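What follows is a single structure, written as structure tokens, with notes after it.
The values are calculated or read from the model by the stated rules, or taken from the named source; none is laboratory data. The shown structure was predicted, so the numbers you read here are calculated from the model rather than taken from an experiment. Cβ placement follows ideal geometry from the backbone for every residue including glycine, while neighbour counts extend to all protein chains displayed.
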Amino acid sequence: MTKRIIISVLSVVLVIVYAIRVYHINSATYYPIIQKYKVGEEVPIEDDFFNTSNENMNGYSVTVLGTELLTKDEFRKKYNAFDKNILEFSDYVYLVRVRFRNATNKLGENAGINLRQYIIQNLSYINYIECDAYSYVNDFDVLSFSLRYDSDKEVVIPFGIYNGHIDVEKFITGHPELVVSLYPHKKTIKLYD
Amino acid sequence: MSNLRKEIKRSIKNKFFYISCIIGIILSLICVFEAVKDYSDYAVSLEEVEMINLNPLVSTLSAYTLWIGGGESNLYSTMMFLMLPLLVSLPYAWSYCSDRKNGYLKKAVNEIGSLKYNLSKYVATFISSGLVIAIPLIINLLSVLMFVPAITPDSVYDIYYGVFSYNFLGDVFYTVPILYDLIYILMIFLFCGLIGCLGYSFAVLFKSRILAVISPSALLLLIHYKKQYIGSFDFEISTISFLSSATNLFYNIKTVIIEAVILFVFTFIICVLRKEKNISEEIK
């Protein structure tokens with residue numbers, strides 16, 4: 001009986017010590033800080049970046065104005081995009097209308113936005129801009145640009161969705177987000193209600 | 001039922017089970033040391049990365065990627081998975097051959113009948129073989145969690161993990177990674193249970209103990225080394241390869257299920273449904 005009590009007490013102590021140790025190792029670690037915003041909310045990029053601080057996006061801000069989902073055929077008809085290479089590997093196109101604004105950045109062409117880094121994320125699913133479709137939905141085809149001080153620009157970012165990678169229903173009813181920076185803060189804009 | 005309990009007890013309280021388990025635990029603890037070393041090196045390099053203002057990709061190196069099933073292989077984890085069929089089949093294949101020699105098999109069959117005996121032996125083999133590998137894996141995971149932070153993976157860095165949206169349990173990996181790893185341990189328990197039963201089948205087929213113990217390893221290693229001729233990028237057939245990490249296992253889930261069904265049918269027919277006449281011949 002005494003032996004059983006000693007073993008039980010020791011087991012409980014062991015579990016508690018283990019839990020404290022795991023808690024300690026996780027609390028002393030730097031986690032990426034995640035900040036989430038809503039559609040229509042202006043997101044200041046500040047000192048955050050995707051890969052390196054040389055991206056210099058401080059002073060810029062991003063606002064998602066709205067989204068639209070089109071089938072490949074609908075997209076082709078709407079934007080007169082009948083080149084067979086367009087959306088070759090996609091079944092749908094998810095269009096995200098975004099306004100970029102340069103409020104305070106005075107670095108001119110040494111700073112700006114690179115749309116190739118923008119990511120659409122929905123749990124395990126991620127995707128990058130569909131470059132070929134981009135020029136059809138915008139009146140220019142430049143994926144990296146700088147804005148003049150105190151000016152803004154609206155851009156539609158197309159993301160191709162391939163059914164083999166994610167079911168489009170699951171994508172829409174899930175939690176799609178637009179990732180606008182990764183470090184030190186991961187800033188995302190929720191594209192769902 | 002009491003016979004099943006007795007067989008399970010015999011299969012776990014046996015020196016070959018202890019030997020296999022201890023070898024597995026030693027290798028898994030060396031892997032913990034390697035994981036902690038890798039993480040310490042990374043933590044030191046973090047300061048340099050901070051200085052040059054690069055994204056340090058914090059979530060790509062965590063307990064979920066550095067534990068033995070996380071996909072970061074090293075010499076010892078490779079050794080463990082190469083030795084896996086031998087570790088798993090050693091306890092029961094050897095003991096079954098001993099039972100046959102020392103008369104225990106004859107006595108047990110006479111007492112409870114061949115079907116009951118075979119079934120209990122099969123279940124006991126399955127459980128003990130699964131435990132031989134599940135115990136070291138659990139010890140490894142629990143130990144790594146004590147020294148390396150458990151940062152939830154971020155699918156933005158999916159290329160580093162090799163887990164994509166179209167993979168089996170992809171969403172679970174990016175939301176509840178501990179559940180993903182526990183499911184992997186459960187799957188490896190089930191699969192190694194079947195490999196143990198394969199060892200038992202060979203023990204039934206061959207009279208030699210050495211041959212019975214070595215045959216499953218030889219077969220799986222042969223498939224592993226010949227896979228480049230019969231496998232392809234999307235089709236992994238080597239059991240040793242797909243058991244070696246959670247990512248590989250879930251990526252090849254269809255092959256895993258097919259191989260598990262084949263193993264189950266083969267071992268069940270050989271070990272449980274064999275005819276009484278064959279057992280009598282074996283005992284002689």
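Things to note:
- Every test in (1) closer than 30 Å to residue B:46 by Cβ; (2) touching a residue at least 40 places away in the same chain (Cβ under 8 Å); (3) within 14 Å of another protein chain (Cβ to nearest Cβ) is passed by residue A:124 save one, and that test is (2).
- Scanning the stretch A:140-193 for residues that are in contact (Cβ under 8 Å) with a residue 12 or more places away in the chain, among the charged types (D, E, K, R) and under 18 Å from residue A:66 (Cα atoms) yields A:152, A:153, A:154, A:177, A:187, A:190.
- The number of residues in the stretch A:60-103 that are at pLDDT below 90 and either among the small types (Gly, Ala, Ser) or within 16 Å of the chain's Cα centre (by Cα) (or both) comes to 3.
- Residue B:59 being surrounded by 21 or more Cβ atoms within 10 Å (Cβ to Cβ), outside any strand (DSSP E or B), modelled with pLDDT of 85 or more and away from chain A (no Cβ under 14 Å): no
- Applying the set (1) over 31 Å from the mean Cα position of the chain (by Cα); (2) acidic (Asp, Glu); (3) away from chain A (no Cβ under 14 Å) to residue B:38 leaves exactly one unmet item: (1).
- Among the residues listed as B:145, B:194, B:190, the single one being in contact (Cβ under 8 Å) with a residue 24 or more places away in the chain, among the aliphatic types (A, V, I, L, M) and within 11 Å of chain A (Cβ to nearest Cβ): B:145
- Qualifying residue in the stretch B:82-93 (condition: out of contact with any strand residue (DSSP E or B) (no Cβ under 6 Å at 6 or more places or on another chain) and free of Cβ contacts under 8 Å to residues at least 60 places away in the same chain): no
- Restricting the stretch B:39-53 to residues that are touching a helix residue (DSSP H, G or I) at 6+ places or on another chain (Cβ under 9 Å) and modelled with pLDDT under 85, the residue that is surrounded by the fewest Cβ atoms within 10 Å (Cβ to Cβ): B:52
- Taken as a whole, the condition of being within 14 Å of chain B (Cβ to nearest Cβ), surrounded by fewer than 16 Cβ atoms within 10 Å (Cβ to Cβ) and not in a helix (DSSP H, G or I) applies to residue A:163.
- In this structure, residue B:181 does not satisfy being closer than 29 Å to residue B:55 by Cα and either within 14 Å of chain A (Cβ to nearest Cβ) or not charged (D, E, K, R) (or both).
- Given (1) within 12 Å of chain A (Cβ to nearest Cβ); (2) within 30 Å of residue B:27 (Cβ to Cβ); (3) surrounded by fewer than 18 Cβ atoms within 10 Å (Cβ to Cβ); (4) without any contact (Cβ under 8 Å) to a residue 60 or more places away in the chain, index of the condition residue B:138 fails: (1)
- One residue stands out in the stretch A:166-185 among those that are within 18 Å of residue A:43 (Cα to Cα) and either β-branched (Val, Ile, Thr) or within 11 Å of chain B (Cβ to nearest Cβ) (or both): the one that is surrounded by the most Cβ atoms within 10 Å (Cβ to Cβ), namely A:180.
- On the stretch given as the stretch B:148-178, residues that are at positive phi and more than 11 Å from chain A (Cβ to nearest Cβ) total 1.
- Residue check for residue B:122: aromatic (Phe, Trp, Tyr), more than 14 Å from chain A (Cβ to nearest Cβ) and surrounded by 18 or more Cβ atoms within 10 Å (Cβ to Cβ): yes
- The set of residues from the stretch B:93-152 being part of a helix (DSSP H, G or I) and β-branched (Val, Ile, Thr) comprises B:109, B:112, B:123, B:125, B:127, B:132, B:133, B:135, B:138, B:139, B:144.
- Test for residue B:199: is it within 14 Å of chain A (Cβ to nearest Cβ), of a type in the set (Gly, Ala, Ser) and in contact (Cβ under 8 Å) with a residue 40 or more places away in the chain: no
- Any hit, the stretch B:64-81, residues being surrounded by 19 or more Cβ atoms within 10 Å (Cβ to Cβ), of a type in the set (A, V, I, L, M, F, W, C), in a helix (DSSP H, G or I) and touching a Gly at 6+ places or on another chain (Cβ under 8 Å): yes
- Test result for residue A:191, surrounded by 15 or more Cβ atoms within 10 Å (Cβ to Cβ) and out of contact with any strand residue (DSSP E or B) (no Cβ under 9 Å at 6 or more places or on another chain): no
- Residue B:109 being within 14 Å of chain A (Cβ to nearest Cβ), over 23 Å from residue B:260 (Cα atoms) and in contact (Cβ under 8 Å) with a residue 12 or more places away in the chain: no
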